[in-house]
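A.B. asks: Provided herewith is a single structure, encoded as structure tokens, for subsequent inquiry.
Here, each number is a calculation from the coordinates, and none is a lab measurement. Quick caveat: nothing in here was measured; it's all calculated off a predicted structure. Here the Cβ is made from the backbone with ideal geometry for all residues, glycine too, and neighbour counts use every protein chain on show.
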Amino acid sequence: MFNAIVRADTLQATLDSVGVLVDECKIHFDDAGLEIRAVDPANVGMVDLTLDTDAFESFEVDEGLIGVDLVRLQDIAGMASGDQLVHLELDEETRKLHISIDGLEYTLGLLDPESIREEPDLPEDLDLPANIVIEGRDIDRAVKAADMVSDHIELGLDDSEDVFYVAAEGDTDDVHLELDNDDLIDLVSGPASSLFSLEYLKNMNKAIPKDTEVTMELGEEFPVKLHFDIAEGEGAVTYMLAPRIQSN
Amino acid sequence: MFNAIVRADTLQATLDSVGVLVDECKIHFDDAGLEIRAVDPANVGMVDLTLDTDAFESFEVDEGLIGVDLVRLQDIAGMASGDQLVHLELDEETRKLHISIDGLEYTLGLLDPESIREEPDLPEDLDLPANIVIEGRDIDRAVKAADMVSDHIELGLDDSEDVFYVAAEGDTDDVHLELDNDDLIDLVSGPASSLFSLEYLKNMNKAIPKDTEVTMELGEEFPVKLHFDIAEGEGAVTYMLAPRIQSN
Amino acid sequence: MFNAIVRADTLQATLDSVGVLVDECKIHFDDAGLEIRAVDPANVGMVDLTLDTDAFESFEVDEGLIGVDLVRLQDIAGMASGDQLVHLELDEETRKLHISIDGLEYTLGLLDPESIREEPDLPEDLDLPANIVIEGRDIDRAVKAADMVSDHIELGLDDSEDVFYVAAEGDTDDVHLELDNDDLIDLVSGPASSLFSLEYLKNMNKAIPKDTEVTMELGEEFPVKLHFDIAEGEGAVTYMLAPRIQSN
């Protein structure tokens, strides 16, 4: 059984956070809420999203799993205004999802979960010694500036390990952003410097609210992890992005 | 003689209501006001629009007829802000229309009315037993949702004849909207169920204000008629849309 | 030395005023402020822009000259919100411009001034007897209306020389705008009538604020000069546009 009612803006934030990486995904649910894990086709960017039962107006489920066309589901959720309620109910027999928005009923054909790319396990035990807490709007600025000069972006802590930096190098132009303890919400020192594909970080950035605190875990030529809350703290998103080999 | 002054928003609503179906039209005028009737090239959608003299700030005309390029006239009207006055004056000799907006004068070459597709007569005596009055925004929601799954849309009353429904069936997904007496402004019962091309209804929907009451007349595999007011009740639009043969 | 701090909106207005004509330009600076002169590749439209030191929050320069990619510099300035401060500092050795916006540092490779099209001298001694002062929004209206019917626009004073007119003639439609002393901020009489490429005037119009007073100097088949202020009067822009031969 899956029978839940959720605000449209909560549903939209949930779907958008995953939709920036993949077009289809599996949604797991049990009495704790729902979880979505997904990895992009190139195995470079991963997402792990949880949404607690408290994020729902009503949540009656047995443990289960559905496969969905995210693009389609985003379109449907997009028909509702932010504070409207969306009622989601799984028809076990037909394997269709009934979605009601103020009298409008949409019957969504589900995907066979077997047909969807296998879910990743986001490693918990990565050695990511540096840890910063940064505003979403600063990530946005850094990503947009870097995008003007390069396809890659370097994230790290400087040698003194008390300043977080973002750097991008183009053929003629460079971009550099430094944020110290005063600019950041928090900074835990450690050696960190890694190069990433800007394309992925741009997509992740689209789903990160500008006024959100984002925790960033970094290491030396290691993946970066980005954590932030959605649904007023009742949901959590973790992105992990694999590093690129630094050529210099 | 045709010499009239009208608010830009009234002129825009008038032209937009016809422009969603055709690019050129004949405009008839006499001492009661003006009237436009038009049918799309495929003879599927028709419009009959009247605008009373009271919709004008000033209206001095002898009975007559002009042919206009609607797209061009919409562009000109679009240069004015809503509450600006537009002065329209026909030069009988040159057969050009002088359009003045706050000192700006546009001279519009008219079309030979003979060159414009013949005007339809919207049948008055159709057997359309069901009759509902619905808000423009509900038509908008139904049309946009149906558009996500199909090229067709079914409009009718359910078997009990006290619920108006909209339905669209796609390959994997369906859309259904039910509105009863509480959701509608009015409902007159009668057997009704017809399938329509969504393309036409989408175009008509563009011209229907969201906060307007729309009267919809329906029958069994019969055309639908949509009536709504423009120009604060001084103008009236009727759309008629021919049904498609239901395949099931 | 070039080391200056300026509000982002002042920098944006400066760059946009030149960017509507050319993609690259030389920027001259000395202790009076900065100056940019440029002409489009076809030698039809010219711009002369000055920005006084008072337009800057801080301005420490030795006389000098840099060549810039305007499009790139506009993109960078566009990352800042209007009231943010932009710090510009020239690195004499590397010939790069360091641009800082709230902690974000952009290093812009400069262009060899020798590689940029030679700067024009806007003639001071043109015989332009007619002179009007007009609101930017009236230029906008005239340009947009003319654009609906023609590629050319005629500007002049009527025979009585007390009415400024704009005219454009299309194959079937004409546009005419007349503004007299009451509509204009000022009018100095003189014989004036010239035809211009609308393409250029459209581009210049993009950079003219709607609520600005524009002084227009006109003659008989002579160039038009347009003067307006930017940066709250601390900067001045002059456009000059060459006339086209009138065919009639």
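A.B. asks: When chain A is modelled as a GNM with alpha-carbon springs shorter than 10 Å, which of A:Lys202, A:Lys225, A:Lys144 fluctuates the most?
C.D. replies: Per the Cα network of chain A with a 10 Å cutoff, A:Lys144 tops the list.
A.B. asks: Can I ask one more? About its Cα centre, how strong a charge dipole does the protein assembly as shown have in debye, to the nearest 20, once Lys and Arg get +1 and Asp and Glu get -1 at the Cβ? Write down the numbers at each step before the final one.
C.D. replies: Values: 45 positive and 180 negative charges, 279 e Å.
Here the size comes out at about 1340 debye.
A.B. asks: Any idea what the alpha-carbon Rg over 2.2 N^0.38 Å comes to for the protein assembly as shown? Provide the component values of the computation, followed by the final result.
C.D. replies: On the way: Rg = 32.2 Å, N = 744, 2.2 N^0.38 = 27.1 Å.
Rg over 2.2 N^0.38 Å, computed on Cα atoms: 1.19.
A.B. asks: From zero up to wherever the largest Cα-Cα distance of segment B:75-208 sits, split into 10 Å bins and tell me the percent of pairs in each.
C.D. replies: Reading the bins upward from 0: 10, 26, 24, 19, 18, 4, 0.
A.B. asks: Next question. Would you pull out the residues with amide H under 5 Å of A:Phe59's amide H, same chain only if 5 or more places away, H placed 1.01 Å from N?
C.D. replies: A:Ile5
A.B. asks: Right, another one. Hey, if you put +1 on the Cβ of every Lys and Arg and -1 on every Asp and Glu Cβ in the protein assembly as shown, which of B:Ser150, A:Val18, A:Asn203 ends up farthest toward the positive end of that dipole?
C.D. replies: Farthest along the dipole direction, towards plus: B:Ser150.
A.B. asks: Which whole-number percentage describes the relative contact order of segment A:196-248, with Cα contacts under 8 Å and a sequence gap of 6 or more? Don't skip to the answer; put the middle values down first.
C.D. replies: Working: 64 pairs, mean separation 17.6, N = 53.
This gives 33 percent for segment A:196-248.
A.B. asks: Along each of the three principal axes of the Cα atoms of segment B:130-241, give the extent in whole Å, ordering the values from largest to smallest.
C.D. replies: 44, 29, 24
A.B. asks: In nm, to one decimal, how far is the modelled label at A:Glu234 from the one at C:Glu232, with both set 7 Å along Cα→Cβ?
C.D. replies: 4.8
A.B. asks: List the distances, in nm to one decimal, from the label point of C:Asp186 to the label points of the same position in every other copy, shortest first, placing each label point 7 Å from Cα along the Cα-to-Cβ direction.
C.D. replies: Here C:Asp186 shows inter-copy label distances of 6.3, 6.3 nm.
A.B. asks: Please report the antiparallel percentage of DSSP beta bridges with both residues in segment B:160-225, rounded to the nearest 5. Show your work: numbers first, answer last.
C.D. replies: Working: 8 of 9 bridges.
The antiparallel fraction comes to roughly 90 percent.
A.B. asks: Using Cα-Cα distances under 8 Å and only pairs 6 or more residues apart, what relative contact order does segment B:2-115 have, in percent?
C.D. replies: Values: 234 pairs, mean separation 36.3, N = 114.
Once divided by the residue count of segment B:2-115, the mean separation gives 32 percent.
A.B. asks: While we're looking at this one, here's another question. Restricting to Cα pairs below 8 Å that are 6+ residues apart, what does the relative contact order work out to for chain B? Please round to a whole percent.
C.D. replies: On the way: 604 pairs, mean separation 52.3, N = 248.
Relative contact order here is 21 percent.
A.B. asks: Let me ask you something else. Does segment C:2-115 come out rounded, prolate or oblate, given a ≥ b ≥ c as the square roots of the eigenvalues of its C-alpha gyration tensor, rounded meaning a/c under 1.5 and, failing that, prolate meaning a/b above b/c? Walk me through the numbers on the way to the answer.
C.D. replies: Details: a/c = 1.40, a/b = 1.31, b/c = 1.07.
In terms of gyration-tensor shape, rounded.
A.B. asks: Please find, in a Gaussian network model of chain B (springs between Cα atoms separated by less than 10 Å), the residue of B:Gly109, B:Gly67, B:Gly136 whose mean-square fluctuation is greatest.
C.D. replies: Taking springs between Cα atoms under 10 Å, the residue moving most is B:Gly109.
A.B. asks: In debye to the nearest 20, how big a dipole does segment B:130-241 give about its Cα centre with +1 on each Lys and Arg Cβ and -1 on each Asp and Glu Cβ?
C.D. replies: Values: 7 positive and 28 negative charges, 114 e Å.
Using only the charged Cβ atoms, the result is roughly 540 debye.
A.B. asks: Can you list the lysines whose alpha carbon sits under 19 Å from that of B:Lys206, skipping same-chain ones fewer than 8 residues off?
C.D. replies: B:Lys144, B:Lys225
A.B. asks: Where does helix C:8-19 land angle-wise versus the long Cα axis of chain C, in degrees 0 to 90, nearest 10?
C.D. replies: With rounding to tens, the tilt is 60 degrees.
A.B. asks: Would you calculate the convex hull of the Cα atoms in chain B and tell me its volume per residue in Å³? Don't skip to the end; give the middle numbers.
C.D. replies: Working: hull volume 31.7 nm³, N = 248.
Per-residue hull volume (Cα only) is 128 Å³.
A.B. asks: Can I ask one more? Explain nothing, just the number: dipole magnitude of segment C:99-143 about its Cα centre with +1 on each Lys and Arg Cβ and -1 on each Asp and Glu Cβ, in debye rounded to the nearest 20. The partial results should precede the final answer.
C.D. replies: Numbers: 3 positive and 13 negative charges, 68 e Å.
The dipole magnitude comes to about 320 debye.
A.B. asks: What does the helix-only formula give at 222 nm for the protein assembly as shown: each DSSP H stretch with n ≥ 4 adding -39500 (n - 2.57), the total divided by the residues, and the result rounded to the nearest 500 deg cm²/dmol? All intermediate terms of the calculation are to be shown ahead of the outcome.
C.D. replies: Working: 12 runs with 129 residues, N = 744.
So the helix-based figure for the protein assembly as shown works out to -5000 deg cm²/dmol.
A.B. asks: Which loop trypsin sites (Lys or Arg not before Pro) in segment B:79-130, with loop taken from DSSP, have no more than 16 other Cβ atoms within 10 angstrom of their Cβ? Mind showing how you got there, number by number?
C.D. replies: Values: sites: B:Arg95, B:Lys96, B:Arg117; in loops: B:Arg95, B:Arg117.
Passing both the DSSP loop test and the Cβ count: B:Arg95, B:Arg117.
A.B. asks: When each copy gets a label point 7 Å from Cα toward the beta-carbon at C:Val133, what are the spacings between them in nm, shortest first?
C.D. replies: 5.7, 5.7
A.B. asks: So, one more: What is the Cα centroid distance between segment B:130-205 and segment C:162-229, reported in whole angstrom?
C.D. replies: That distance is 53 Å.
A.B. asks: Compute the separation of the alpha-carbon centres of segment C:1-64 and segment B:41-80 and state it in Å as a whole number.
C.D. replies: Here the two parts' Cα centres lie 50 Å apart.
A.B. asks: Given the options B:Thr172, B:Thr14, B:Thr238, which has the most mean-square fluctuation in a GNM of chain B, springs set between C-alpha atoms less than 10 angstrom apart?
C.D. replies: B:Thr172
A.B. asks: Moving to a separate point now. Given label points at 7 Å from Cα along Cα→Cβ, what nm distances, shortest first, separate B:Asp171 from the same residue in every other copy?
C.D. replies: Once sorted, the set of distances for B:Asp171 reads 4.3, 4.3 nm.
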